[in-house]
Amino acid sequence: MMPSFHFELYVAGDAPRSRTAVRSLTELCEERLSGRYELDVIDVLAHPERAEQAKILATPTLLRLRPAPRVRIVGDLSLTANVVAGLGLDGEDEGDERDDA
Amino acid sequence: MTKMERKRAEKVPSGIPGLDLVSKGGLPSARSVVVAGTSGSGKTVFGAQFLAAGITEMGEPGVFVTCEESPEDIRANIASFGWDVPRWEEEGTWRFVDASRNLDDVPVRAGGYDLAALLARIEDAVARVGAKRVVVDSLDALFSRFEGDAAFRHELHRVIGLLNSLGVTTVLTAERDSDYGANSRRGVEEFVADNLILLRNVLSSERRRRTLEIVKFRGATHDKGEFGFSITPKGISVIPHLDIGHDRVMSNDRLSIGNPDVDAMCDGGIFRDSVMLVSGAAGTGKTLLTAAFVDSAARDGERCLVFSFEERREQWFRNAKGWGYDFHQLEQDGLLKVVSDYPEVATLEDHLLAITAEVETFKPQRIAIDSLSALERVATPDSFRKFAVSLSAYLKHHGITSLLTSTTPTFLGGASPNEAHLSTVTDLIILLRHTEIGGELRRGLTVLKMRGSRHDHGVREFTVDENGMTLGAPYETPFGLTKEIGVLRPSTLDVTDAEVDEDEDAEEDADANPDGEANADTGEGPDTDEDSWR
């Protein structure tokens, strides 16, 4: 079964903000979406063509590809409340799968 | 300032006609130039042309970073200039970096970020095509997404730092809110631009006038001031002032104007490469003198280019035939080319470009423009003045003997306001006037000024028949011909024109004064004039 959440996280090598973003996102997903998410981390320095395809300007940038609609979050994801609201994870801490209308 | 910056910067050809003259060779190589202007001022065209010319003329690939329009829109919008971007993309000489806004998602902010992804994309694109030129269009569209973020200036520095380190020459466009305001919208030129070009699109007297100004080129020279430019079907074309002929050796050859009597009044004829103004009301004989001028050119075996702005070609040929000139034959012989156009079909800048284009192809030794004053209809006084200076300097630079006519607004003479501008850039002025004497309308002629030569100060009545113009004896009784002359002075006409300086007025007083010895003007005249008109 396809995980219900699919994220792409675009980072620039192992810059401090990139590490912060990876750590923040992994913690959040494990806490709220354990077993129900897929995360691809893309290094734009190694794969600029991926950044071109997705039209990424800033790093870190998090894309929520699933569920629709697509959501774009810019920053190192240290502002957890913004990430939770942006991704529509408000009700996810009890395993209650629900899309943000 | 580093040692590198103090060294005189190398330049790369901009690919924009006229700009390399004004910028003394092009844009500073391996540097960034901010091109700022209001919306619709031609910034995107400037950038695209810089890349297109790099590919077609220099064999230099380019990268276009578009932050506002999609690549699809850019391709479509600039195809009309003949720039085949899809083909260049296929060849691998043009590459887009699409930094345009994603309409489908509005980013949420959640912590600090930088533009590393954009930098990586630009660097990748530059490496893939081996780019030497990069355009970022526009900085404002890019940074509008990060409004309120103090870090954006830092990021902008990183973008420019990267581009400079890649050794590419970069054009960055920036939006301005007003044509004469102090800053671009975000003040980018203040802190990033060593090199700044402003494009303006000014509405003046209900006419649009586009100008380009190089505000600074660090470590490099350039011409100062605003230069008119035009967006032609081939892209931007800048009209340099072209006042480059001062150090040219003045010719002492005298040529016939085409009428022995008038030649005699001018001490034997006009100097080669001088510019002559024939001023008169409708029907006083300006076109006749023009025809005589063409005929005398042909007799000397010289090619003459004629611009007729008041009459259509066939009408012009028919008029000439009435005076006994078969100009169709001259055209067949390649000694004459007549171009007829309505002044209203183009802007003044376009007309100047059309004139220079004809000169480049036909390579005439003489040129006649009948009438130049018709072009006043498509110009503001200020742009007409600059046009007249550019045209005169261009013609002199090419060593072309020129006859320009000016039609006065009333039938009984009187100067048109712009004659003041014309008189300062011409070497010889002939006045033609209708005058009522003893219940008859007669025509009179006088030579008002002639630089570097004696001339007859008399007023001569003349008649016109199928043999052309015949001058009578010098007129002894008051003819009233010169009563309007005082009006020619810019000081009385141009009091609203702040750029007329005091020296100019003094010079003009001397020129326009038909009495006394004031006409013993020397070759220094044109320098004074053109400097002050800049």
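Every read-out reported here was derived from the displayed coordinates using simple, explicitly stated rules and does not represent laboratory data. Keep in mind that what you see is a predicted model, and the values were worked out from it rather than measured. Glycine also receives a Cβ, built like all others from the backbone with ideal geometry; neighbour counts cover every protein chain displayed.
Some points to look at:
- Among the chymotrypsin sites (Phe, Trp or Tyr not before Pro) in the range B:121-180, those placed in a DSSP loop whose Cβ has at most 16 other Cβ atoms within 10 Å are B:Tyr180.
- Computed extension gain for B:Glu331 through B:Ser80, at 0.36 nm per residue and net of the alpha carbon distance, reaches 87.0 nm.
- Given B:Lys24/B:Lys363; B:Lys24/B:Lys396; B:Lys337/B:Lys449; B:Lys11/B:Lys216, the pairs whose alpha carbons are separated by over 18 Å: B:Lys24/B:Lys363; B:Lys24/B:Lys396; B:Lys337/B:Lys449
- Count Lys and Arg as plus one, Asp and Glu as minus one, and take only other residues whose Cβ is under 10 Å from that of A:Thr61; the net charge is then +1.
- Shielding by partners for peptide B:95-102, expressed as the average number of C-beta atoms from other protein chains within 10 Å of each residue's C-beta, is 3.
- Per-residue [θ]222 nm for chain A (sum of -39500 (n - 2.57) over DSSP H runs n ≥ 4, rounded to 500): -10000 deg cm²/dmol
- Peptide B:118-128 shows a mean partner chain C-beta count of 5 within 10 Å per residue C-beta.
- Loop trypsin sites (Lys or Arg not before Pro), the range B:265-362, which have at most 15 other Cβ atoms in a 10 Å radius of their Cβ (DSSP): B:Arg312
- Each Cα pair under 8 Å and six or more residues apart adds its separation to the average, and for the range A:1-96 the resulting relative contact order is 38 percent.
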